[in-house]
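The values are calculated or read from the model by the stated rules, or taken from the named source; none is laboratory data. These numbers come from a predicted model, not from an experiment. A quick note on method: Cβ atoms are made from the backbone with ideal geometry, for glycine too, and the neighbour counts reach across all protein chains shown. In case anyone asks, the SASA skips ligands and DNA or RNA and just uses the protein heavy atoms, side chains included. Shrake-Rupley method; radii C 1.70, N 1.55, O 1.52, S 1.80 Å.
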Amino acid sequence: MRRPLYVDVADEIKARIDEGVFKPGEKLTSEPELSKILGVSRGTLREALTHLENMGVISRKHGRGAYVSQSPSKVVAGIERLESLTNSIRQSGHLAEDKVLSIHETTLDEEMANVFNLNFGDICYEIESLRLSDGEPVIYCFDIIPGFLVNNDKDFLKLRYKCESLDEFLNKYTKYKPNKYISTVNAVLPPSKVSRLLEVRGNTPMIYLEGVMYDENGIPINYGYQYFRGDKYQFKLVRSK
C-alpha cells in the first residue's frame with residue numbers, strides 16, 4: 001500500500017530539522033508559506049504537523065504556530081498499547097534495530113516458578129537484547145520464557161535471531177500469542193552492565209519496566225524487564241473518560 005502523502009511531508013519536515021534548517025526551540029515557517037514550499041495543500045500540511053506533534057518532534061501553541069521540540073531526537077511511544085519496542089521506535093520516525101546479545105538455558109528459581117505456575121527447576125531460557133534507535137542503543141531487555149514454549153529446544157530459539165522482537169518470534173513460531181502485558185514503571189539507576197551496554201554514565205536515571213506477558217488464554221509466557229534511556233525515549237500516556 002502507498003503511504004499517505006502527509007507521512008512523506010512529515011518525513012521531509014523532519015529531515016530539514018535533522019539537517020539543522022530548523023533548530024530545537026525554533027518556530028517553523030508559517031503554514032501558508034510551508035505548504036507553498038512543500039507543494040502541498042494546507043490540509044495535508046496540518047496532518048503532517050499533527051503526525052510530527054504525536055511523535056514529539058514539534059509542539060504547537062495555539063495562535064503562535066509550531067515549534068521544534070527541544071529534544072526532537074527522542075523516541076516518543078504510547079504506553080497503553082501492546083506493541084514491540086522495535087516497532088515503537090520505527091513508528092516514532094527513527095531507524096529501528098534489534099540486537100540479540102545472548103540466549104542462555106537455565107532453570108526456574110522459586111520466584112519465577114511461581115510467576116509461570118510451574119515447578120522449581122523446570123527449564124527456562126534467558127534472552128538479553130538491545131533496541132537501537134538511529135544506531136544508538138536506547139533500551140536494554142532481559143526476558144525469561146518457560147521451556148514448554150519451545151518444547152525445551154534451545155536450537156529452536158535460534159529463530160529469535162531472525163526476528164526483530166520476542167513478540168514476533170512468539171507470534172510466528174509458537175502457538176502462544178502475546179495478548180496482555182501487566183507491568184510496573186519506575187525511575188531507577190542502572191546496574192553497571194546496563195549503563196555500559198547503553199553507553200551512559202552509571203548515575204544516569206533510567207525508566208525501568210518490569211512485568212509478565214500473558215497469551216490469549218491467560219497463560220504467563222514471558223517475564224521481562226527493560227531499561228530505557230530517558231534522554232532518548234519518552235512515554236506518552238493517553239487517559240480519557
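A few remarks follow.
- Global size of the range 120-227 as Cα Rg and Dmax, reported in angstrom: 14.8, 42
- Heavy atoms of the protein chains alone define the surface here; on that basis the chain has 55 Å² accessible area per residue at 1.4 Å probe size.
- Subset of Lys99/Lys162; Lys99/Lys193; Lys99/Lys158; Lys158/Lys193; Lys154/Lys180 violating a 18 Å alpha-carbon distance limit: Lys158/Lys193; Lys154/Lys180
- Pairwise centroid distance, computed over Cα atoms, of the range 1-30 with the range 100-127, Å: 46
- Remark: spin-label model distance Lys99-Ile182 equals 3.5 nm, labels positioned 7 Å along the Cα→Cβ axis.
- The range 131-241, relative contact order in percent, only Cα pairs under 8 angstrom and at least six apart counted: 30
- Here the range 41-172 is treated with +1 on each Lys and Arg Cβ and -1 on each Asp and Glu Cβ, and its dipole about the Cα centre works out to around 1200 debye.
- Net charge over other residues, Cβ less than 14 angstrom from the Cβ of Asn217 (K, R count +1; D, E count -1): +1
- Principal axis dimensions, the chain - Cα atoms, whole angstrom, descending: 66, 43, 38
- Beta bridge orientation in the chain: antiparallel %, DSSP, nearest 5: 95
- For the chain, relative contact order (Cα pairs under 8 Å, six or more residues apart, normalised by length) works out to 16 percent.
- Dipole-positive endmost among Asn87, Gly121, Thr106 within the range 84-241 (Cβ charges, Cα centre): Asn87
- Stretching the chain fully between Asn117 and Ile37 yields a gain of 22.7 nm (0.36 nm per residue, less the alpha carbon separation).
- Solvent-accessible surface ranking, highest first, for Tyr233, Tyr67 at 1.4 angstrom: Tyr67, Tyr233
- Charge dipole (Cα centre; +1 on Lys/Arg Cβ, -1 on Asp/Glu Cβ; no other charges) of the range 146-193 amounts to roughly 60 debye.
- Summed residue charge, Cβ within 14 Å of Phe120's Cβ, Lys/Arg positive, Asp/Glu negative: -4
- If R0 is 45 Å, the Cβ-Cβ spacing of Glu110 and Asn54 corresponds to a FRET efficiency of close to 0.55.
- Extension gain (nm, one decimal) between Leu5 and Asn151, 0.36 nm per residue minus Cα-Cα: 47.9 nm
- Prolate/oblate/rounded call for the range 100-155, Cα gyration tensor, a/c under 1.5 rounded: prolate
- Whether the range 5-62 is rounded, prolate or oblate, judged on the alpha carbon gyration tensor where a/c under 1.5 counts as rounded: rounded
- Using a simple spin-label model with pseudo-atoms 7 Å out from Cα toward Cβ, Glu19 and Tyr161 lie 3.9 nm apart.
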